[in-house]
Each structure stands twice: as C-alpha cells, then as structure tokens.
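Each remark here refers to the structure printed beneath this line.
The values are calculated or read from the model by the stated rules, or taken from the named source; none is laboratory data. In this text, all values refer to a predicted model and were calculated from it rather than measured experimentally. Cβ: placed from backbone, ideal geometry, glycine included. Neighbour counts: every protein chain shown.
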Amino acid sequence: MKCGVVLAGCGTEDGTAVDEAIITFLSLEKAGVEILCVALDKDQYEVFNHQTRESAELEQKRNQLTESARLLNKSVNEIEDICEDDLDFLVIPGGKGVLKSLSTFEDEEEQFRVNNSLHRLLVNCFKKRKPLGAAGEGVFIIAKSLKNVAANLMVTASGNPSERLSIVETLAIDHVPCEEGEVCVDKTNRIVTAPLLSQFKSLTEKNANIEKMIEKLLEMV
C-alpha cells in the first residue's frame, strides 16, 4: 500500500510543519504503508527565519522540492510526474507554508486558487475513490480543490482563526467542529480532516490527531 504525502518545504511558517510531517511519516510507517513524498518544483512563497520569527530578505529563494527532501532525508517526486494510479491514498500535513506555496491564498484569500498540478491530482484521486486526508492548513487545499466536484463535502477547520473559518462557509462546505484529538470523517466522499494543530501543542497531542486521521483513512482504502 502506498500513500502520497504532499509537502511544501521544511518549516511551518514557509513550508510544511516539520512535526506534522514527521508524525505523519511515523504513523504511515507503523501501519506498513509505503511513503511517496511529492512537492512542487518551484520556489516557496517566502523564506522565513524561524529563529528571529521574521521573513527573510526578499532576494532569498528556496525551492519547495529541495527543501521538502530534508523532511524524510530522501528524494521527493515532482507533483507533475505523479498520477492517482501511483498511490492508494493521499495526505496533506499542515503548516502556514502549505497555503502560501501550494495556493494563492496569501494574496487572494477567499478567491484563492490551488496550484493546477496539485488540483489535478486531488480531483483525479477523488474520482478514482482514493481516500484523501489533511490537517490544519491542508484542509483548505482539499476543500477548494473539491468544491465543485464532491457533493455535500464535510471538513473540519477547527482551530483556525475566524477569518479562515468564514472561507469554509464561503465555499459552501459543511464545517464539522472538532475538539483536540478528534477528526472529521466524511465517509461518503472518503475524506478525513484534522483540526489546526497549534505549534505550542506537545508532540504527544499532535500525534493523537494525526495518528487517528491515518487510522481512519486506512479503513477506507
């Protein structure tokens, strides 16, 4: 069994949250699932200094594919080269950089668009009945991509600020509030989503959410 894991770089502010990615990898490995990391071969939206908590100089550039390879210390596949038949299900861990680099959210907010190649992969996975999962910011990528494809789509965006929650309503998608440790399971559309996981939460608390998300996805494969 093989799971595609969508990455956007290394670091929660400008890429994928490292802890969420590692917990996702660990949960999949414990379940005996082969991991297929995928990312875009393009620059991140920005480069963020996680030490000073400030954006780096504008002239600094980091490639999402190159930076994502740091997370599992192995090569990452370009999203453009992957199709739905290459995997059994797909997961998008969270991180602020997920929205910034995989979509136009940072500049267009509720009118945002998901990267074309990623949008294609998600829609094709959905049409082939391949389960999809996401945590935190990754939920918005799935919700936007499937807005006009999935009927009665249900997701959770709990933990996000109110302005983001309003975007879920704008998309006319059912929002299911979830407490910490809970996930939203849309059995009809074969989608499992987890709330935004605060960077201040312990690894143990984050592990409970992500492990449950993987568990529910595996039940659908």
Quiz item: Just wondering, is there one or more residues in the range 57-79 that are in a strand (DSSP E or B) and buried (at least 20 other Cβ atoms within 10 Å of the Cβ)?
Solution: no
Self-check item: Residue list for the range 123-152, restricted to those being farther than 25 Å from ILE23 by Cβ and either small (Gly, Ala, Ser) or buried (at least 17 other Cβ atoms within 10 Å of the Cβ) (or both)
Solution: VAL123, ALA150, ALA151
Quiz item: If you go through the range 8-27 one residue at a time, do you hit one that is modelled with pLDDT of 90 or more, in contact with a helix residue (DSSP H, G or I) (Cβ under 6 Å, 6 or more places away or on another chain) and at positive phi?
Solution: yes
Quiz item: Restricting the first residue to the range 24-47 and requiring it to be over 15 Å from SER117 (Cβ atoms) and in a loop (DSSP other than H, G, I, E, B), which pairs with a second residue that is modelled with pLDDT under 95 and of a type in the set (Ser, Thr, Tyr) meet a Cβ separation below 6 Å and a spacing of at least six or different chains?
Solution: GLU46/SER55
Practice problem: Within the range 170-188, track down each residue that is over 20 Å from GLU211 (Cα atoms) and in a loop (DSSP other than H, G, I, E, B). | Solution: LEU171, ALA172, ILE173, THR188
Self-check item: Any pair with Cβ under 8 angstrom, 6 or more apart, that starts in the range 156-183 at a residue that is within 13 Å of PHE140 (Cα to Cα) and free of Cβ contacts under 8 Å to residues at least 60 places away in the same chain and ends at one that is surrounded by 14 or more Cβ atoms within 10 Å (Cβ to Cβ) and polar (S, T, N, Q)
Solution: THR156/THR193; ALA157/THR193; HIS175/THR156
Quiz item: Does at least one position in the range 79-94 carry a residue that is over 24 Å from THR188 (Cβ atoms), without any contact (Cβ under 8 Å) to a residue 24 or more places away in the chain and among the acidic types (Asp, Glu)?
Solution: yes
Quiz item: Within the range 44-66, which residues are of a type outside the set (Phe, Trp, Tyr), in contact with a helix residue (DSSP H, G or I) (Cβ under 7 Å, 6 or more places away or on another chain) and modelled with pLDDT under 95?
Solution: GLN44, GLU46
Practice problem: Might you let me know whether the range 145-154 holds any residue that is more than 17 Å from GLU109 (Cβ to Cβ), assigned to a strand (DSSP E or B), among the small types (Gly, Ala, Ser) and in contact (Cβ under 8 Å) with a residue 40 or more places away in the chain? | Solution: no
Practice problem: Could you please give the count of residues in the range 98-122 that are without any contact (Cβ under 8 Å) to a residue 40 or more places away in the chain, part of a helix (DSSP H, G or I) and either under 13 Å from ILE79 (Cβ atoms) or under 13 Å from the mean Cα position of the chain (by Cα) (or both)? | Solution: 4
Quiz item: Is it true that ALA8 is small (Gly, Ala, Ser), within 19 Å of GLY133 (Cα to Cα) and not in a helix (DSSP H, G or I)?
Solution: yes
Quiz item: Of all residues in the range 184-201 being in contact (Cβ under 8 Å) with a residue 40 or more places away in the chain and polar (S, T, N, Q), which is nearest to PHE112 (Cα to Cα)?
Solution: THR193
Self-check item: Residues of the range 126-144 satisfying the condition of being touching a Phe, Trp or Tyr at 6+ places or on another chain (Cβ under 8 Å) and part of a helix (DSSP H, G or I)
Solution: PHE140, LYS144
Exercise. Tell me, yes or no, whether the range 102-118 has at least one residue that is acidic (Asp, Glu), closer than 24 Å to PRO195 by Cα and buried (at least 23 other Cβ atoms within 10 Å of the Cβ).
Key: no
